[in-house]
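See structure below.
The values are calculated or read from the model by the stated rules, or taken from the named source; none is laboratory data. Being a predicted model, the structure only gives us computed values, none of them experimental. Because the Cβ atoms are built from the backbone with ideal geometry, glycine has one as well, and the counts that use them run over all protein chains shown. Accessible surface areas use protein heavy atoms only, side chains included; no ligands, DNA or RNA. Shrake-Rupley method; radii C 1.70, N 1.55, O 1.52, S 1.80 Å.
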Amino acid sequence: GYQFAGLEYGAECYCGNRISSSRTRDEDCNLDCKGEKGTPCGGVGRLSIYKVEELLLGQRRYRNVRYRGCFERPKNTTAAFLVHSIQPNLTSQSCVETCTIKELPLAVLRRPDCFCGYVSLLFTLHQPAEEPRCAHANTTSPTADSADLDYYQVYQTPVHDSRCTERRFLPEKSDTLVALSSFPGAGNTWVRHLIELATGYYTGSFYFDGTLYNKGFKGEKDYWKSGRTICVKTHESGRREIEMYDSAILLIRNPYRCLMAEFNRKCAGHLGHALDQHWKSNEWPEFVSSYASWWASHVLDWLKFGRRVLVVHYEDLQAALFPNLCTITSFLNVSATEERLLCAVGNQDGHFKRPPGARHQGFDPFTPEMKRLINGYVRTVDRALRDGNYTGLPREYLPR
């Protein structure tokens, strides 16, 4: 959906809607495309720029567009939105395209009006309305119930909200070391992404993952005890490893989801999916046999040996991100502005949301024997949480 494509180093592709630098000599773009010999793909610090074919408004198809829901019109649309256009033949696609070209992350529509802007204090998206209210928002019907005129459909465009993307290390080294602890596959990278957007500070890691570093997690390369990061990712458990931290955010996710996510990561990386041959091999039951007990022992150890622990359920974050993100930033003793928190919610997916696989949504690789094993661990962890005066595990952790 961008207007320009820029090719560099023979193998890198960039997209955008503006060209901010000056033109240089054609001979500086002297590297062939690695997949198409004889075609220039930029050079060292040089881009071969192509203009994308123009299409009529509404004909482009964008990836990474997400429907946010039906919402009541803000009291002052002029103040709440930066762009307003009237489109007699309005569709959701044409409004998304308008806002994408304007490089704004929200497309808000109700025929014939298309608004573009940001999530803000004037338009928080905290309280979605019932979908029937927006039934006429983007249809071609000239009539609509008068009661529905104050309700708009909202789409997230492919444009990232730039208000919370700037991050840095802590200005002064912290005396306290905070862990962001989870079992593998529980969404640790996603929560790091949210924390960095909400606080403006880098998160660290007990490990070093070059892929994460290259995706913008600059704290990944920093020594984990440096005190320069807001919290430190770890999958470790055991008394010695836990007592090295002064406090911890303990992230817990449904073990069925965790095990599948981690098996996908082991077989196909951060964004890939395991193949049929992986699920049908002996590797999968062996993986469940060893990792299911680790899921339980990880939580139990942090509850037992952690000095100051905030328990966060992955599913609660998904269901009500804003209030839970407020709780996390408060635990980290960071004063995050509401605007920055709203920006984080708007940019919640980040680079590491695994795209849907080819399998149907109800895919279940767990045998009855595996379920009996995992359910036993779920009950044990649930009891331990309640005994420690924490909220028990969500009911969905047990398959019904």
**Asked** Where in region 269-351 are there helices (runs of 4 or more DSSP H), lying wholly inside it, with at least 1 residues that are open to solvent by 30 Å² or more (accessible area, probe 1.4 Å) and without any contact (Cβ under 8 Å) to a residue 12 or more places away in the chain?
**Response** 276-280, 283-305, 314-319, 321-331
**Fill in**
Across region 12-51, the tally of residues that are open to solvent by 70 Å² or more (accessible area, probe 1.4 Å) and more than 28 Å from Leu104 (Cα to Cα) stands at 10
**Prompt:** Which residues, taken from region 243-268, are among the polar types (S, T, N, Q) and either closer than 24 Å to Arg372 by Cα or crowded, with 23+ Cβ neighbours inside 10 Å (or both)?
**Reply:** Asn254, Asn264
**Asked** Right, Arg111: at pLDDT below 90, open to solvent by less than 30 Å² (accessible area, probe 1.4 Å) and basic (Lys, Arg) or not?
**Response** no
**Message:** Take the conditions at pLDDT below 90 and either farther than 30 Å from Tyr14 by Cα or of a type in the set (Val, Ile, Thr) (or both) and apply them to Asp148. Does it pass?
**Reply:** yes
**Message:** The conditions are (1) in contact with a Leu (Cβ under 8 Å, 6 or more places away or on another chain); (2) of a type in the set (Gly, Ala, Ser); (3) farther than 14 Å from Tyr155 by Cβ; (4) at pLDDT 90 or above, and Gly69 fails exactly one of them. Which is it?
**Reply:** (3)
**Asked** Looking only at region 77-87, which residues are open to solvent by 80 Å² or more (accessible area, probe 1.4 Å) and farther than 11 Å from Arg110 by Cα?
**Response** Thr78, Leu82, His84
**Cross-chain or 6+ apart pairs with Cβ under 7 Å, region 98-117 first and closer than 14 Å to Ala80 by Cβ, then among the acidic types (Asp, Glu) and in a loop (DSSP other than H, G, I, E, B)** = Pro105/Asp161
**Request:** Could you grab the pairs with beta carbons closer than 7 Å, sequence gap of 6+ or different chains, first residue in region 377-400 and in contact (Cβ under 8 Å) with a residue 40 or more places away in the chain, second one open to solvent by 70 Å² or more (accessible area, probe 1.4 Å)?
**Result:** Leu385/Thr391
**Asked** Going by the structure shown, is Ala261 assigned to a helix (DSSP H, G or I), among the aliphatic types (A, V, I, L, M) and either within 12 Å of Ala186 (Cα to Cα) or free of Cβ contacts under 8 Å to residues at least 40 places away in the same chain (or both)?
**Response** yes
**Fill in**
Taking region 153-211 and keeping only residues that are free of Cβ contacts under 8 Å to residues at least 24 places away in the same chain, open to solvent by 50 Å² or more (accessible area, probe 1.4 Å) and part of a helix (DSSP H, G or I), one is left with Ser162
**Condition met for Arg240 (open to solvent by 10 Å² or more (accessible area, probe 1.4 Å), without any contact (Cβ under 8 Å) to a residue 60 or more places away in the chain and in contact with an Asp or Glu (Cβ under 7 Å, 6 or more places away or on another chain))** = no
